[in-house]
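What follows is a single structure, written as structure tokens, with notes after it.
The values are calculated or read from the model by the stated rules, or taken from the named source; none is laboratory data. Being a predicted model, the structure only gives us computed values, none of them experimental. Backbone-built Cβ (ideal geometry, glycine too); neighbour counts: all protein chains shown.
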Amino acid sequence: MPKSPRIVIIDQSPVRRAILAEGLREGGYTDVIHLEGTERMVERIVATEPDVIVIDLESPSRDVLEQMFQVSRAVPRPVAMFVDQSDTAMINAAIDAGVSAYVVDGLRKDRVKPILDMCISRFNAFSRLRGELEQAKSQLADRKVIDRAKGILMKAKGVTEEEAYALLRKTAMNDKKKLAEIAQSVVTAAELLQ
Amino acid sequence: MTTRLRIGYIPLVDATLLLVADKFGFAAEEGLALELVPEVSWANIRDKLNLGIFDAAHLLAPAAIAASLGLGQVRSALVAPVALNLNGNAITISTSLRAEMEDVLDGDAADPAATAAALGRIARGRHRNGLPQITLGHVFPFSTHHYQLRAWLRSGGVDPDQDVNLVVLPPAFMAESLKNGQLEGFCVGAPWNSIAVASGHAVILHLGCDIVPNAPEKVLALRAEQEARNPESTAMLIRAIRRSAQWLTQPEARRPVAAMLADTGLFGASEELLLAILRGSIVTAPGAEGRPAPDYIRLGPETLAPNLAHAAWLVDRMVEAGQMPDAPELRDAAMATYRPDLFASVTAP
């Protein structure tokens, strides 16, 4: 079994970094390092002697890595973009997921692909997680405002909770608006009339 | 019918014409709805343009050429039908390096060859004493900033590959890196030199136009195949940019434009600082008065036509920096990126 390639992760999000590192370790890649901060980035990367560098697209340090494409005395092992010209589907999937990677010259292509597949799927999983979290947050906020609107209607019109809810829903349907929007306008109106 | 275009840009003063076209209605009057997307790296802009996530982009002119040649990346033929500006960069150094330079300067401090020679003396002195090399920053391997630094160093007999250490750093980190000693100087675009001077730890040593007059800088870049399929939307965009540039020649347009740029919250600079840059008044040292520099950054309508002499100059710099072999077929492919014909076909009277 060949030695596990050394993978350096540059990602500003600690949560995503952890998800990625865990995925790589589960996949049998035991040599995973992450680099923090922006100081002396190239020097520190060179010092770790990576085979693959994974970087998130929100990191402004990506342009710093581009310098490593240039053959220079600072970089003993030339670095290349992670795929060759023909593999645009792979680049597309990576950019779409928000990740890019650089590969040190000499690493075989068939050894790079599973690493990248793993990174792409973990980045996508993180986006889904973040999306779900935001959705849950906004659902919670919606429920709170709807509850307040129901309370206001119950008090002002002397109706039950079910009747208040039905009134909100009917208005939302008639106005082609979201229930939470109608509820918010009831709350705002009540605040103005206080 | 409205044509939608998604355009990537880096928040820099030379993205102004694109922002003006969007925010002051020039694009809408041409029937365009622009979605301007700020980005954090030139590599992102290049990749997203290549993949069709962006329809067009604000891009370093030499990076557009490098993409067309496939240098260090996937090859993707790009076209540049508009030069978004000329000039705009400056070489800024720490106040402490400036003081060291004072001691060894032989000649006029306004003469780039004299300051570069002084830097060479400092570099050799440090080498003799076993001290670390001078580290200078720029923004991207394929950038006018990189070539201006190299030209300046060579003018004073300094070898940019041996005598100093050139590194890439995001512009937003430059001022901080001068302060903490990671860098001693850099070449970046507006407004980052002025921001560094305002921080009190830096002086602008030379404006880019003092080293290379009328240097090519950013272009509007599109994928060649996409441009060929949608010539009308390119034409609309060229017209919108041109009308924005014409409008901006009026002095009274500059205040609202500076306010608009500052309001994006992306430039790291105040409205007053951005206004001074648009007016061509540049503060080069902490506490100093603004120096009149009408050519510091040129955004006027006369700069917009892509100039083939600029493309040829960039190719020479790329060869000189060892970034591409000097082969006729590569030169032809590089030159084909610049498309003055597209600009002329739209703007001809």
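Below, the figures for the structure above:
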quantity	calculated
Whichever residue in region B:46-58 is crowded, with 24+ Cβ neighbours inside 10 Å and over 16 Å from B:Phe267 (Cα atoms) and, among such residues, is farthest from the other protein chains (Cβ to nearest Cβ)	B:Ala56
Any pair with Cβ under 9 angstrom, 6 or more apart, that starts in region A:41-64 at a residue that is more than 7 Å from chain B (Cβ to nearest Cβ) and closer than 20 Å to B:Val40 by Cβ and ends at one that is among the β-branched types (Val, Ile, Thr) and in a helix (DSSP H, G or I)	A:Met41/A:Val64; A:Ile45/A:Val64; A:Ile53/A:Ile45; A:Val54/A:Ile115
Qualifying positions in region A:94-119 - surrounded by 18 or more Cβ atoms within 10 Å (Cβ to Cβ), part of a helix (DSSP H, G or I) and within 14 Å of another protein chain (Cβ to nearest Cβ)	A:Ala94, A:Ile95, A:Ala97
Residue in region B:17-29 that is within 12 Å of another protein chain (Cβ to nearest Cβ), surrounded by fewer than 24 Cβ atoms within 10 Å (Cβ to Cβ) and on the phi < 0 side of the Ramachandran plot present	no
Tally, over region B:282-304, of residues that are under 30 Å from B:Leu71 (Cβ atoms), in contact with a Gly (Cβ under 6 Å, 6 or more places away or on another chain) and in a loop (DSSP other than H, G, I, E, B)	1
Which numbered condition A:Ser100 fails, given (1) at pLDDT below 85; (2) touching a strand residue (DSSP E or B) at 6+ places or on another chain (Cβ under 6 Å)	(1)
Any hit, region B:132-155, residues being small (Gly, Ala, Ser) and more than 20 Å from B:Gly208 (Cβ to Cβ)	no
Test: residue in region B:72-88 that is within 14 Å of another protein chain (Cβ to nearest Cβ), under 22 Å from B:Asp22 (Cβ atoms) and in contact with a Lys or Arg (Cβ under 6 Å, 6 or more places away or on another chain)	no
Flag if B:Ala293 is away from chain A (no Cβ under 14 Å), touching a residue at least 12 places away in the same chain (Cβ under 8 Å), hydrophobic (A, V, I, L, M, F, W, C) and crowded, with 19+ Cβ neighbours inside 10 Å	yes
Pair list, Cβ under 9 Å, 6 or more apart: region B:26-41 residue modelled with pLDDT of 95 or more, other residue in a strand (DSSP E or B) and exposed (fewer than 15 other Cβ atoms within 10 Å of the Cβ)	B:Ala27/B:Ala33; B:Leu32/B:Arg4; B:Ala33/B:Arg4; B:Leu34/B:Arg4; B:Glu35/B:Arg4
When residues of region A:21-43 are limited to those that are within 30 Å of B:Gln182 (Cα to Cα) and part of a helix (DSSP H, G or I), the one farthest from the chain's Cα centre (by Cα)	A:Glu43
Matching option when the condition is basic (Lys, Arg) and either facing chain A (nearest Cβ under 10 Å) or within 22 Å of the chain's Cα centre (by Cα) (or both), among B:Arg128, B:Arg150	B:Arg150
Among residues of region B:52-84, those that are in a loop (DSSP other than H, G, I, E, B) and either in contact (Cβ under 8 Å) with a residue 12 or more places away in the chain or of a type in the set (Asp, Glu) (or both), counted	11
Members of region B:30-42 that are crowded, with 24+ Cβ neighbours inside 10 Å and in contact with a Phe, Trp or Tyr (Cβ under 8 Å, 6 or more places away or on another chain)	B:Trp42
Residue in region B:165-175 that is surrounded by fewer than 22 Cβ atoms within 10 Å (Cβ to Cβ) and more than 17 Å from the chain's Cα centre (by Cα) present	yes
Residue within region B:87-97 that is surrounded by fewer than 24 Cβ atoms within 10 Å (Cβ to Cβ) and part of a loop (DSSP other than H, G, I, E, B) present	no
Matching residues in region B:305-328 - criterion: being among the small types (Gly, Ala, Ser), more than 14 Å from chain A (Cβ to nearest Cβ) and either assigned to a loop (DSSP other than H, G, I, E, B) or touching a Leu at 6+ places or on another chain (Cβ under 8 Å) (or both)	B:Ala305, B:Ala327
Residues satisfying the stated conditions in region B:329-349, i.e. assigned to a loop (DSSP other than H, G, I, E, B) and either within 14 Å of chain A (Cβ to nearest Cβ) or in contact (Cβ under 8 Å) with a residue 40 or more places away in the chain (or both)	B:Ala336, B:Thr337, B:Arg339
Residue match in region B:59-68 (condition: touching a helix residue (DSSP H, G or I) at 6+ places or on another chain (Cβ under 9 Å), within 14 Å of another protein chain (Cβ to nearest Cβ), small (Gly, Ala, Ser) and within 23 Å of B:Ile211 (Cβ to Cβ))	yes
Those residues of region A:51-93 which are modelled with pLDDT under 70 and outside any loop (DSSP other than H, G, I, E, B), in sequence order	A:Phe69, A:Val79, A:Ala80, A:Met81
Subset of region B:131-147 [crowded, with 24+ Cβ neighbours inside 10 Å and either of a type in the set (Ser, Thr, Tyr) or more than 27 Å from the chain's Cα centre (by Cα) (or both)]	B:Ser143, B:Thr144, B:Tyr147
